[in-house]
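Notes follow the structure.
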Amino acid sequence: MADSALPPTLPVSRADALHRRGLMLILSSPSGAGKTTIAKRLLAHDSQIEASVSATTRPIRPGEVDGKDYHFVDRATFDAMVEANEFYEWAEVFGNCYGTPKAHIRARLKEGGDTLFDIDWQGTQQLYQKAEADVVRVFILPPSIEELRRRLTGRGTDSAEVIAARMARAQAEISHWDGYDYVVVNDDIDACYTQICQILAAERLKRARQTGLIGFVRELTRH
Ligand SMILES: Nc1ncnc2c1ncn2[C@@H]1O[C@H](COP(=O)(O)OP(=O)(O)OP(=O)(O)O)[C@@H](O)[C@H]1O
Ligand SMILES: Nc1nc2c(ncn2[C@@H]2O[C@H](COP(=O)(O)O)[C@@H](O)[C@H]2O)c(=O)[nH]1
């Protein structure tokens, strides 16, 4: 199926027009299983979802855009944000601090906008502890370990050492599969993308998120 022909959501129903609360869609997988590929496709085709932008103290790299790739801040600013409880979660990675700011995501949840997270199981656990009802957790599995290695090699972005390290971590990452709401196997990319669109469509229609339903039902039953 051509990329542009893929549906971002299922066909629109009457309930889709009602106000709803947004959600936080988490995609996790062992490195190379395809979460970035799926995330990019979703962001390109679905105007209701946008990527979470973390704050970091890491220096900006060539080609990166402040506010798009990260919010680049100095250590004092980051520490003040931690102190003010402005993050859902934060961590120190390779000597730099990274955190998921709450304010923008909370405003989007209220407005009915969805936010996409491409994070590991530890980040997933922390987000889930803070915002359980808003979080939808999806784990992506490769069809086989051999295919995972082929994808990491075929991507052409990493040295043999880095690929070996990612393959060594894969079993441990996969062991967290049962901490997710949905598990999908990314064999055929179009089929996997469609399944994730279906999960998103169903989650958006959940009664608890359909905040406009109360008024709609009241109106329906008024006479
Ligand atoms: N279903 C698929 N069939 C074949 N190749 C795929 C499929 N899905 C993704 N790929 C390819 O596999 C490689 C790894 O995919 P991707 O970069 O999306 O993985 P990732 O899980 O985001 O990895 P990382 O955690 O390292 O960022 C890419 O070259 C991508 O084009
Ligand atoms: N716990 C969090 N980890 C994060 C966040 N944003 C990014 N990261 C992780 O940091 C490393 C390094 O990233 P890089 O862009 O500097 O190469 C990587 O593992 C990211 O997953 C965050 O908000 N929270």
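Can you list the lysines whose alpha carbon sits under 18 Å from that of Lys68, skipping same-chain ones fewer than 8 residues off?
Within reach: Lys40, Lys102.
When a/c reaches 1.5 or more, the comparison of a/b and b/c decides; with that in mind, is the range 37-113 rounded, prolate or oblate per its Cα gyration tensor?
It is oblate, given that a/c is not under 1.5 and a/b is not larger than b/c.
Which whole-number percent of Cα pairs in the range 76-223 have a distance greater than 25 Å?
Cα-Cα pairs in the range 76-223 separated by more than 25 Å: 47 percent.
If you take the square roots of the eigenvalues of the alpha-carbon gyration tensor of the range 110-187 and sort them as a ≥ b ≥ c, do you get rounded (a/c under 1.5), prolate (a/b over b/c) or oblate?
Judged from the Cα gyration tensor, the range 110-187 comes out prolate (a/c at least 1.5, a/b above b/c).
Please report the relative contact order for the range 42-134, taking Cα pairs under 8 Å with a sequence separation of at least 6, and give it as a percent rounded to a whole number.
Relative contact order of the range 42-134: 31 percent.
To the nearest 10 degrees, how steeply does helix 189-204 sit against the main Cα axis of the chain, on a 0 to 90 scale?
Helix 189-204 and the main axis of the chain meet at about 40 degrees.
With springs connecting C-alpha atoms under 10 Å apart, model the chain as a Gaussian network and identify which of Val73, Val183, Val138 has the largest mean-square fluctuation.
Highest fluctuation among the options: Val73.
Work out, in µm²/s and without decimals, the Stokes-Einstein translational diffusion coefficient of the range 158-207 at 25 °C, 0.890 mPa s, Rh from Kirkwood over C-alpha pairs. The partial results should precede the final answer.
On the way: Rh = 13.3 Å.
Taking Rh from Cα pairs, D becomes 184 µm²/s.
Angle check, please: helix 160-174 long axis (alpha carbons) against the longest principal axis of the chain (alpha carbons), in degrees 0 to 90, nearest 10.
Long axis of 160-174 versus the principal axis of the chain: about 40 degrees.
Quick check on the chain: helices-only [θ] at 222 nm, where DSSP H runs of length 4 and up contribute -39,500 (n - 2.57) each and the sum goes over total residues. Nearest 500, please.
Taken over the chain, the calculation gives -12500 deg cm²/dmol.
Bear in mind these aren't lab numbers, they're just calculated from the coordinates by the rules spelled out. What you are looking at is a predicted structure, and each value in this text was computed from that prediction instead of being measured.
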